[in-house]
């Protein structure tokens with residue numbers, strides 16, 4: 001019996017973790033999760049910029065197709081909506097594509113409409129097409145920077 005008591009005492013001393021050991025493990029898990037979140041945040045910002053550039057390229061191509069068929073780009077008043085539905089002032093002499101030039105107007109990755117200006121001042125082209133970036137205001141740097149066809 002004496003031997004069983006010694007064995008039981010030894011098992012009690014060996015079992016479980018100390019509070020310090022648990023705190024160290026929790027701290028390490030916190031550091032790792034923070035590092036992962038920081039890295040994911042950068043990728044999300046970069047993917048939004050890539051999507052905006054792709055949308056601008058798609059809309060620019062649709063505007064070029066529109067200009068080939070209609071002999072001019074949409075006016076600023078007609079806007080990008082002219083790519084989806086024929087403007088009211090379309091003449092019989094022009095050939096507006098049945099179904100439009102795109103199925104629907106996309107919003108930029110931050111949920112705002114793309115800006116269409118005619119004539120283009122920033123790009124030096126017939127039109128400017130851009131997103132105002134994450135802040136939704138002109139100018140800015142990094143994620144807040146405007147992304148356009150220039």
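With the requirement that a residue be out of contact with any helix residue (DSSP H, G or I) (no Cβ under 6 Å at 6 or more places or on another chain), assigned to a loop (DSSP other than H, G, I, E, B) and under 21 Å from residue 105 (Cβ atoms), what does the range 120-136 give you?
Scanning the range 120-136 gives 120, 122, 123, 125, 126, 127, 132, 136.
What do you reckon, is residue 49 surrounded by 14 or more Cβ atoms within 10 Å (Cβ to Cβ), over 21 Å from the mean Cα position of the chain (by Cα) and in contact (Cβ under 8 Å) with a residue 12 or more places away in the chain?
For residue 49, the condition - surrounded by 14 or more Cβ atoms within 10 Å (Cβ to Cβ), over 21 Å from the mean Cα position of the chain (by Cα) and in contact (Cβ under 8 Å) with a residue 12 or more places away in the chain - is not met.
Being in contact with a helix residue (DSSP H, G or I) (Cβ under 8 Å, 6 or more places away or on another chain) and at pLDDT below 85 is the filter here; which residues of the range 30-61 pass it?
45
State whether one or more residues within the range 84-97 are surrounded by 12 or more Cβ atoms within 10 Å (Cβ to Cβ) and at pLDDT 90 or above.
Yes; the residues of the range 84-97 include at least one that is surrounded by 12 or more Cβ atoms within 10 Å (Cβ to Cβ) and at pLDDT 90 or above.
State whether one or more residues within the range 113-133 are within 16 Å of residue 80 (Cβ to Cβ), modelled with pLDDT of 90 or more and surrounded by fewer than 16 Cβ atoms within 10 Å (Cβ to Cβ).
yes
Look through 66, 73 and report the one residue that is surrounded by 14 or more Cβ atoms within 10 Å (Cβ to Cβ), outside any helix (DSSP H, G or I) and in contact (Cβ under 8 Å) with a residue 12 or more places away in the chain.
None of the others qualify; the one that does is 73.
The values are calculated or read from the model by the stated rules, or taken from the named source; none is laboratory data. The structure presented is a predicted model; accordingly, all values stated were derived computationally and were not measured. With ideal geometry, Cβ positions are generated from the backbone for all residues, glycine too; neighbour counts draw on all protein chains shown.
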